[in-house]
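Let me begin by presenting the structure, written as structure tokens, before commenting on it.
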Amino acid sequence: MNAFPYRIVAHRGARSMTENSMASIKEAFAQQADIVEMDVRMTRDKEFIILHDYFLERTTTGTGWVLTKCRKELRDIRLLNGEPIPTLEEVLTYLRRRKDGMIMLDVKDAVFGLFDVKRFVSALEEHDILHRVIVSSFNPFMLHRIKKRQPQLDIALLTMFPYGIAVPIAKWLKATYVSCILPVAKRMQAKYFSRVLPSETFLSWAQKEGLETMAYWEEGQENLAWLAEKGVKIFVTNRPAVAREELMKLTGKEKRRGKARK
């Protein structure tokens, strides 16, 4: 068995840097993230940029709705750290040159008919790194179109649906991963409680169906230990270095318990 059986996903990069910036990607890998998650949006002229929000105000020096802007209009706009808004092309080029690491592209603008799936998939194919890319979305119809166009891509269904709906949808999509962020108001008496912890039933059923479960984690080793105990192997976090450190501690405890039983 792998000495460290977990994978860490840096949510929008390492959040010690400006989210969704090239600096945040590089820092996430420096903090030993296995996968860096970034958000993809489409401009009015069907170019793809890396940005979370529908609007520019929160994370950039610009204003307005991204989908109404051409790429040319966005070139002079800066992220809050002074960097230009990254393009999908820049991120894929960087990943290809790295030779290691993976990227999770969370498709935004997931309004049916607006996001150009053909153009998006073609951009991924041009870089010949499909095996290092995961595509995620809350929109199962968007994921279905992407998977149908390129079956080699691994997809991750992000969902707020209860397990009885979410797991069958994930199976229909032929998804590799599923992440439920349905709020849970009970189950454990931890000092810290994440509002996005999935339920035990959700995790159990998804894993029985052969899906890899992802979970968001920010604080509280009690939560981390519970998720690991329930079979979660992929942790999405804003703090990849902290998550790795906490999981290493947890792995050490598991090893000691195993030796004690022998």
Sole exception among (1) modelled with pLDDT of 95 or more; (2) of a type in the set (A, V, I, L, M, F, W, C); (3) in contact with a helix residue (DSSP H, G or I) (Cβ under 9 Å, 6 or more places away or on another chain); (4) buried (at least 21 other Cβ atoms within 10 Å of the Cβ) for MET104, by number: (3)
Checking CYS70 against (1) of a type in the set (A, V, I, L, M, F, W, C); (2) in contact with a Ser or Thr (Cβ under 8 Å, 6 or more places away or on another chain); (3) surrounded by 19 or more Cβ atoms within 10 Å (Cβ to Cβ), the condition it does not meet: (3)
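Out of LEU143, LEU158, which single residue is under 19 Å from VAL117 (Cα atoms), touching a residue at least 24 places away in the same chain (Cβ under 8 Å), in contact with a Phe, Trp or Tyr (Cβ under 8 Å, 6 or more places away or on another chain) and not hydroxyl-bearing (Ser, Thr, Tyr)?
Working: LEU143 fails: in contact with a Phe, Trp or Tyr (Cβ under 8 Å, 6 or more places away or on another chain).
Only one candidate qualifies: LEU158.
Being surrounded by fewer than 16 Cβ atoms within 10 Å (Cβ to Cβ), acidic (Asp, Glu) and either modelled with pLDDT under 90 or farther than 27 Å from ILE25 by Cα (or both), is that true of even one residue in the range 215-222?
To start, the set of residues in the range 215-222 that are surrounded by fewer than 16 Cβ atoms within 10 Å (Cβ to Cβ) comprises 222.
Imposing the further condition that a residue be acidic (Asp, Glu) reduces the set to 222.
Applying the additional criterion that residues be either modelled with pLDDT under 90 or farther than 27 Å from ILE25 by Cα (or both) yields 222.
For the range 215-222, residues surrounded by fewer than 16 Cβ atoms within 10 Å (Cβ to Cβ), acidic (Asp, Glu) and either modelled with pLDDT under 90 or farther than 27 Å from ILE25 by Cα (or both): present.
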When residues of the range 73-91 are limited to those that are hydrophobic (A, V, I, L, M, F, W, C) and either within 15 Å of ARG12 (Cα to Cα) or modelled with pLDDT under 95 (or both), the one surrounded by the fewest Cβ atoms within 10 Å (Cβ to Cβ): LEU80
Selection from the range 56-67 of residues that are modelled with pLDDT of 95 or more and buried (at least 17 other Cβ atoms within 10 Å of the Cβ): LEU56, THR59, THR60, GLY62
Failed item, numbered, when MET38 is tested on (1) at pLDDT 95 or above; (2) more than 24 Å from LEU158 (Cα to Cα): (2)
Unmet criterion (only one of (1) farther than 17 Å from ARG149 by Cβ; (2) hydroxyl-bearing (Ser, Thr, Tyr); (3) modelled with pLDDT of 95 or more) for SER122: (1)
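The values are calculated or read from the model by the stated rules, or taken from the named source; none is laboratory data. Just so we're clear, the structure is a prediction, and the values are computed from it rather than from any experiment. FYI the Cβ positions are ideal-geometry reconstructions off the backbone, even for glycines, and counts take in every protein chain you see.
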